[in-house]
Structures are given as C-alpha cells and as structure tokens.
1. Normalised by the number of residues in the chain, what is the relative contact order in percent for Cα pairs under 8 Å and 6+ residues apart?
2. Taking the inverse of the average 1/r across all pairs of different Cα atoms in segment 64-121, what Kirkwood radius in Å do you get?
3. Taking the DSSP beta bridges in the chain as the whole, what percent of them are antiparallel, to the nearest 5?
4. Based on the mean of other Cβ atoms within 10 Å per residue, sort peptides 170-181, 115-126 so the most packed one is first.
5. Chymotrypsin sites (Phe, Trp or Tyr not before Pro) within segment 197-296: which are DSSP loop residues with at most 13 other Cβ atoms inside 10 Å?
6. Would you mind checking which residues have amide H under 5 Å from V152's amide H? H placed 1.01 Å from N; only 5 or more apart, or other chain.
7. Order of 222-229, 12-19, 272-279 by packing, highest average Cβ count within 10 Å first?
8. Please work out the Cα convex hull volume for segment 33-72 and give it in Å³ per residue.
Amino acid sequence: MLVVHGEAGALADALKELAARVARVVVVDNNEAPSAGLAELAGLAGVELLHHGNRGGLAGAYNRALRHLREPASPAAPAPRQIVFVDQDSDPAVLGAFLADPEVNALLARDDVAAVAPAYRDRATGLRARYIELGRWRLQHLPREFEGLRRVAFVVNSMSAWHVQALARLGDFDEQLAIDHVDTEHGLRARRQGLSVWVHGSHVFAHSIGQRRRYRLFGRELQATGHGPARRRLIGRNTVLLLRRWGLREPAFARLCLLRMAYEAVGIVLAEDRRLRKLGALLAGAGQGLVGRSRR
C-alpha cells in the first residue's frame, strides 16, 4: 500500500520494485484532484490505483486501501496475510531482503505479533530513528544503531509489514488524527490487545519526515523535524489528544507525550527558523487537544 500526496515525483522505480516483491500493489492518490502523472505511472507498473481525495488525511487513505484489499483481486485469489505500508518518501530497495528474512517471516507467522518493520535512517540528517521500549511505568529509548530484532512500542508505518488479522482486531486508523501519531495510536492499541511490534535493526531503509536538521545538545546528536507552523499545530493537538486518551492507562506513555512536546519545542528554538510562529502553533495545537473532543 503506497499513499501519495502532492506530486508523483520519481516513483517509477519504487513502483517497479514493489511490484517485483509483493503480490498486489495498491496506490492511493490522496490528492484532492486525481493526479494524471500518477495514473500514468500506475498504469505502466501494472498496479491498482485508488483516488481518495485526502478525506481523513493519511489515516483516511489507509482505511480506503484496507477496505479495497479486503476484496479479492479475483475469485480465485487468496486473501492477503500481510500488508506492507510504504510512504512515497521511502526507498523500498531493502524490502526484498527484509521480507525474505526467516526471522521476519517467523514473527509474522505468530498470532501475537501485529507488525515487523526495518529500521529507518533519515535522508537529510543521516541519523537512524530512536525506537522506544515501553512498559506501564518504564520508558527506554534504544540506541540509534543496533542489529537484529527488538520489540518496541511503535514503528512508523512506512515499510512496516502488518498481519492482516491484527489490523482487523485493531480497527480503522483514526481519521481525527489525520497524519501525526496515526501509527503511534495503532501501536498502543496493539499493546492493549496483547500484540507485539518489532523492529529489525539489520535492515535499514532511507526515509524522509519533514525537513530534519541535526543539532547538538549536551553532547548528544538530535534532529529537529523542520515542519511548518500548520504541521506543528497538528503535532501539538494530536500529542495532547493521545495523552488524554491513554495517559491514565499508560503512565509511561503520558511521560513520553510530555517529552515529545519538549523535544519539538527545543528543536524549534535551537535549529529552526520562524521560531515564534512555530512555537505558537505548537502551543495552540496543544490547547486544541486539551479542550477538543476526543472521539475514542
């Protein structure tokens, strides 16, 4: 499942790579008006193209594609057992080796596993993501560089392989959140259902989130997202919404939400431009999340 918003860009190679690795490729054109360039690319690659119109943001596009994938491609076609989410800003070159890894396949065969993902490295900064182990009271960040499998609390959806039965148990992605923390909430739902989420540190893919910038604080390498004010408002709102929904049940996650807000603010101050506008948007979004209606 590949969701595209904005210009199709240089997706031809990615679509060919995906078509060679998986049984079905579903591209969701999430632009308000259908993209002629994307329709041409999808036709050349022989993939299935859906237009969704950005209703419910990224979460809405996921839900649309999942409904489509529940329908068999043909009367004789088997139902999919796993679904791989791919972002247009991710390099899928590692996907073949990742899906062929016996350790990954063994995990995806288990009924208590929701998802397995490769680790991602940001294109702009060269830094790998910091994954999190989460207990009810305990919170621990893993080292950026590690090998092998680690059980984690959350993964970014891009390049993650999800068990179809687990997705059915977890329900639709939350369209109120739209973009930010959509995958975070699915990780929390999996945890409450007794399902595990894993990262394989020996498989790494290149990925872009915002316009990340490296900076140092107390001798540590960190990265600011570089998002604009509108996206910072959404991040603030969604972080506080999830804090309200899950904080009492998951005290360690409540602490993580507060740390994430502080991390966003520090990154803005130390590494970005338009600092006052972005800080104001972050705080305004947090206020919306605090007083707004939470649907779950």
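1. 17
2. Answer for segment 64-121: a Kirkwood hydrodynamic radius of 13.5 Å.
3. Of the beta bridges lying entirely in the chain, close to 50 percent run antiparallel.
4. 115-126, 170-181
5. F218
6. V197, W198, V199
7. 222-229, 12-19, 272-279
8. 66
Taken together, the values in this text are just the output of simple stated rules run on the coordinates, not laboratory data. In this text the structure is predicted, and so the values were computed from the model without any measurement. Reconstructed Cβ throughout: ideal geometry from the backbone, glycine too, with neighbour counts over all protein chains shown.
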